[in-house]
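Step one of this worksheet: look at the structure below.
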Amino acid sequence: MASSEPTVAQPASFVPFLRSIGEGNQYQIHQSPTELSTEADLTVLGTIRSVGDGRVFGHGATRDDEPVNLNLTYAVHVDRVLAGDASLVRDGFVYVELPRSKYQTIEAADRALPVNQRVVLFLGDYSEDMGWPLTAPSPVVPEGAPTLAPYTEGFLVEDQTSKSLIGGLESLDQLPSAWSEHDGSLAQFVSANFVVK
């Protein structure tokens, strides 16, 4: 597992890293954040605290046997549940899995992660069978905690310099206009699309 104190990163480093993961994803586009939040199992406003190794799926005896599916796991402190099933939050955290290639290392993910990166995440529960045998669990996820995965348009990142909200895996410019109908800030996005409790 990478350090719980991520290396200080340039604000612009995180999104290019995420886009390298999301590049070429085929996905159903949702017309608005509200539409996606009704489909997602959980939508949260949170702060990424660390990134580490994720689950490994494959057909061989070890994680080094090809073909193999590698993942990252982000530990995200939940600042507010915006919609969905709050029971998926464990001890104030959600554990968010993203696929990676063997060239997208844990160390590179850690270097790209700014300290206290704020995000809005639309998540599905991916704890169960993924269609491949599980070779190794994630050392980041506590026993019994769910493993969640973001929708492609549902990984939104606060730019730490401008404080604007930008798409992590997919640019908001590529989505329907309802995704950009706010003043650009994370706070305004949340207030425009969710009932603040």
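Here are some notes:
- Rg over Rh, two decimals, region 60-172 (C-alpha only, Kirkwood Rh): 0.96
- Residues in region 27-147 average 45 Å² of solvent-accessible surface per residue, probe 1.4 Å, ligands and nucleic acids excluded.
- Computed from phi, the 3J(HN,Hα) profile of region 54-71 under the Karplus parametrisation 6.51, -1.76, 1.60 (θ = phi - 60°) reads x, 5, 10, 10, x, 10, x, 6, 10, 5, 8, 7, 7, x, 9, 10, 9, 9 Hz, with x in place of Gly and Pro.
- Inter-label distance, Glu107 to Gln160: 2.1 nm, where each label sits 7 Å from its Cα along the C-beta direction.
- Note on region 68-184: with neighbouring protein chains present and a 1.4 Å probe, carbon and sulfur make up 48 percent of its accessible heavy-atom surface.
- The percentage of C-alpha pairs in the chain whose separation is greater than 26 Å is 28%.
- Backbone N within region 47-64 under 20 Å of label point (7 Å from Asp79 Cα along the Cβ vector): 47-51
- Rg(Cα)/(2.2 N^0.38 Å) for region 128-197, N = residue count: 1.48
- Rounded FRET efficiency, nearest 0.05, which uses the C-beta distance separating Asp91 from Ala136 and R0 of 30 Å: 0.85
- Where the Cα pairs of region 29-110 fall when distances are cut into 10 Å bins, in %: 17, 35, 31, 16, 1
- Checking every one of the trypsin sites (Lys or Arg not before Pro) in region 83-169 against DSSP loop status and a limit of 11 other Cβ atoms within 10 Å picks out Lys102.
- Length gained on full extension, Asn25 to Asp183: 54.1 nm, using 0.36 nm per residue less the C-alpha separation.
- Cβ-Cβ FRET estimate between Thr34 and Asp173, R0 fixed at 25 Å, reported to 0.05: 0.80
- Among the GluC sites (Glu not before Pro) in region 135-192, those located in a DSSP loop and surrounded by at most 16 other Cβ atoms within 10 Å of their own Cβ are Glu143, Glu181.
- For region 66-105, the extents of the C-alpha atoms along the principal axes are 38, 16, 16 Å, listed from largest to smallest.
The values are calculated or read from the model by the stated rules, or taken from the named source; none is laboratory data. What you see is a predicted model; the values in this text were computed from it and never measured. Ideal geometry is used to build each Cβ from the backbone, glycine not excepted, and the neighbour counts take in all protein chains shown. Surface accessibility is based on the protein's heavy atoms, side chains included, excluding ligands, DNA and RNA. Shrake-Rupley method; radii C 1.70, N 1.55, O 1.52, S 1.80 Å.
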